[in-house]
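Written out below as structure tokens is the structure these notes cover.
Read the figures in this text as sums done on the coordinates, not as results from a lab. Quick caveat, the model's predicted, so the values are computed rather than measured. Note that each Cβ is placed from the backbone with ideal geometry, even for glycine, and that neighbours are counted across all protein chains shown.
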């Protein structure tokens, strides 16, 4: 290839001294040995587990986690407690969070989980996010458990009567389901079908 010059854009080659600029692109010709590899020459096949999946891809527990995060956000605003004494009222997770700062944890965990899962668009990225998603689910579970464990004391002067409502129960169940889904997020590494239709079929897939 010595003695040849080429256009750095279209890679059309000429004999040295034949031309100084590319007649098509107008760019100065350069020694072909000094040019970086072209995109076609350097185009390595992307391993299946690294391929970018569509935004709407719901497989490998991605859709399940998205649904759980949305339902978790909804449950955060549903009734968590029904009190009959000393007051008659219902309190949601959001209402608890306005009184106790640590009660924001479930809402924030679901809010963070949703984009975290949606932005993982390859099997490799999904599997890499398992720990983070599982930690968020565990935050939800632990917050609900702590809320149930810490109840106001009742006395003869100030009786406290209440019951936990469906919003709290739903949040706990959704947290457990998210923890299970997080462990399976991305699926098995030995079962990675390719999304590319242009593969020849003779490549080595890892």
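The slack in the chain from residue 52 to residue 146, taken as 0.36 nm per residue of separation less the alpha-carbon distance, amounts to 29.9 nm. Annotation for residue 90 and residue 27: the two label points, set 7 Å from Cα along the Cα-Cβ direction, are 6.6 nm apart.
With the simple model of a label 7 Å out from the Cα in the direction of the Cβ, residue 125 to residue 161 spans 5.4 nm. Given a Förster distance of 22 angstrom, what is the FRET efficiency for residue 70 paired with residue 108, based on the Cβ-Cβ distance and rounded to 0.05? So the FRET efficiency works out to roughly 0.90.
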